[in-house]
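A quick write-up on the structure given underneath.
The values are calculated or read from the model by the stated rules, or taken from the named source; none is laboratory data. The model shown is predicted, which means the values in this text are computed figures rather than measured ones. Neighbour counts run over all protein chains shown; Cβ positions are idealised from the backbone, glycine included.
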Amino acid sequence: MSVANTSITSSSATMSSSEPLLQVGGDGEQESQGIRWWKRVLDLEEAKKQALISLPMILTNVCYYLITLVSVMFAGHLGQLELAGATLANSWATVTGFAFMIGLSGALETLCGQGFGAKLYRMLGIYLQASSIISFLFSIIISIFWFYTEPILILLHQDPQISKTAALYTRFLIPGIFAYGFLQNILRFLQTQSVVTPLIFLSVFPLVFHIGITYSLVHWTALGFKGAPLAASISLWISIIALAMYVAFAKEFKLTWTGFSSESFRYILTNLRLALPSAAMVCLEYWAFEILVFLAGLMSNSEQTTSLIAMCVSTEAFAYMLTYGLSAAASTRVSNELGAGNPERAKNAMAVTLKLSMLLALAFVLFLGFGHDIWAGFFSDSSAIIKSFSSMALLLAVSIVADSVQGVLSGVARGCGWQHIAMFVNLATFYVIGMPIAILLSFKYNLDAKGLWIGLICGLSCQAATLLFITLRTKWTRLDLSENRNKDDLVLV
């Protein structure tokens, strides 16, 4: 009898130590089943990690995006010519400079992300310096290109007066392109270490300052129109100085930033092998959207069609900005786990990001479905344009969902170091599939704006499907980033 009691006592002790007491009741059991159901649908712990990365990155990118947009708004209030010139200049600067700088910094998502996962902390600072040198050199090339903006725009059959105004605006943005390149590199440096919460303050402060300095230069000095782009350049430099001081003095970076080193010059080629394909994959996508606006201007009802396509592009860009934070989170989590030698965890991170991205895209699509007239009213007072936008809402919803999926998969590609593959995917899907279909449907079958957007959907869908196929079929490996290996070659291990 005593043996039995001992056995029962031992068994009870084991059960009590391994099972929560709250599960004894029926309510507790139901709650536990609910939690297990959610875990099967979504890894809550991984989702929390990604939310802590993505939300600050969304706010940060919105703030830096608004710096150049606010300058356009102030310039636009000076007159119709100034608005047209500033808008054209901002689009020109984005597709020929800012987008390229964002792409170049994508190399750090691979190098710093996997380096941090592999605990090669000192190398993160070396990669940052190498990437900044590359950005500086390309900024010089872009500056020369921007200096001749007027003849280039006239060559592209733009209005001479608007081209002259846009060229003037772009010249005062030249100092800003240098700051923007450095800015993107430091953002990737912080992002790959998941140090993103301080970025909220470090991006909001320059934006608030920018509003004040833009108003002052435009209205209180003789600069007038020229003060708007100059203010953007000044605010971007303030942003980079604030970020650089934070990296230099914060304790979080005592291992990853050890000061300037000539060793960084030996890693320029290593960085360049990833930076150029990364820049190409970003620019190819940016240019595709700009080509749609250009094609809309060639149609018979060009004014209304151009306005409609521009509204759709702006809406798509806004939706992508929301999901971009998840793309950054996917890149960071995948590269960190691969660097640490955990490919299965990296794949789990990708799966979680895809689910979160789909949920966010569907939420925006629902908003667009019920409030498309309200949203269109922010862009135009014309009832004809608002009605046309309503007819585009369903197509726009499809493109937003496809774009959210490809955004995450592009982030995975950057985290894995597959930029060269993604570059060819973007080239083929947008320019071999998407654009020809858009031109055929718009001009041959007279579908106008709908034809252009159906072509874009075909490109985005093929892009997402191809990237998904590559992601599922390719072996996930990390780069050999050890310090004692040949600096000029990246080896998958």
Query raised in the report: Looking at S404, S391, S410, S399, which is the one that is in contact (Cβ under 8 Å) with a residue 40 or more places away in the chain, out of contact with any Leu (no Cβ under 9 Å at 6 or more places or on another chain) and either more than 20 Å from A310 (Cα to Cα) or in a helix (DSSP H, G or I) (or both)?
Result: S391
Requested in this report: Identify all residues within region 50-81 that are more than 30 Å from L360 (Cα to Cα) and without any contact (Cβ under 8 Å) to a residue 12 or more places away in the chain; write none if there are none.
Outcome: G76, H77, G79, Q80
Query raised in the report: Given A296, A280, A275, which one is modelled with pLDDT of 85 or more and over 21 Å from E109 (Cβ atoms)?
Result: A296
Requested in this report: For region 248-266, enumerate the residues that are surrounded by 18 or more Cβ atoms within 10 Å (Cβ to Cβ), under 25 Å from the mean Cα position of the chain (by Cα) and part of a helix (DSSP H, G or I).
Outcome: F253
**Report entry** Search result, residues across region 330-349 that are of a type in the set (A, V, I, L, M) and surrounded by fewer than 24 Cβ atoms within 10 Å (Cβ to Cβ)
**Finding:** A340
Query raised in the report: Is it the case that some residue within region 180-193 is under 19 Å from the mean Cα position of the chain (by Cα), charged (D, E, K, R) and buried (at least 18 other Cβ atoms within 10 Å of the Cβ)?
Result: yes
Requested in this report: Could you tell me which residue of region 411-444 is farthest from I291 (Cα to Cα), considering only residues that are hydroxyl-bearing (S, T, Y) and at pLDDT 95 or above?
Outcome: T429
Requested in this report: Tell me, please, whether a residue that is charged (D, E, K, R), under 24 Å from F318 (Cβ atoms) and not in a loop (DSSP other than H, G, I, E, B) can be found in region 473-483.
Outcome: no
Query raised in the report: Only one of F370, F364, F379 is part of a helix (DSSP H, G or I) and either in contact (Cβ under 8 Å) with a residue 24 or more places away in the chain or in contact with a Pro (Cβ under 7 Å, 6 or more places away or on another chain) (or both); which?
Result: F364
Requested in this report: Collect the residues in region 345-376 that are farther than 15 Å from L396 by Cα and of a type in the set (D, E, K, R), keeping them in residue-number order.
Outcome: R345, K347, K355
Report summary line: Note on region 358-377: residues over 24 Å from the mean Cα position of the chain (by Cα) and either more than 22 Å from L322 (Cβ to Cβ) or surrounded by fewer than 12 Cβ atoms within 10 Å (Cβ to Cβ) (or both) are F370, I374
Report task. List every residue pair whose Cβ atoms lie under 7 Å apart, where the two residues are 6 or more positions apart in sequence or sit on different chains, the first residue falls within region 82-99 and is modelled with pLDDT of 90 or more, and the second residue, located anywhere, is surrounded by fewer than 22 Cβ atoms within 10 Å (Cβ to Cβ) and of a type in the set (D, E). Result -> V95/E290
**Report entry** Some residue of region 160-179 being out of contact with any Phe, Trp or Tyr (no Cβ under 6 Å at 6 or more places or on another chain), of a type in the set (D, E, K, R) and buried (at least 23 other Cβ atoms within 10 Å of the Cβ)
**Finding:** no
Requested in this report: Tell me, please, whether a residue that is in contact (Cβ under 8 Å) with a residue 40 or more places away in the chain and of a type in the set (S, T, N, Q) can be found in region 277-289.
Outcome: yes
Report summary line: When S327 is run through (1) surrounded by 20 or more Cβ atoms within 10 Å (Cβ to Cβ); (2) polar (S, T, N, Q); (3) farther than 30 Å from K119 by Cα, the failure sits at (3)
Query - region 59-83, residues that are surrounded by fewer than 19 Cβ atoms within 10 Å (Cβ to Cβ) and assigned to a helix (DSSP H, G or I) - result: L59, V62, Y65, L66, L69, M73, G76, Q80, L81, L83
Query raised in the report: Do we find a residue being among the hydroxyl-bearing types (S, T, Y) and under 22 Å from G79 (Cβ atoms) anywhere in region 194-205?
Result: no
Query raised in the report: How about region 130-169: which of its residues are over 28 Å from A275 (Cβ atoms) and polar (S, T, N, Q)?
Result: Q158, Q161, S163, T165
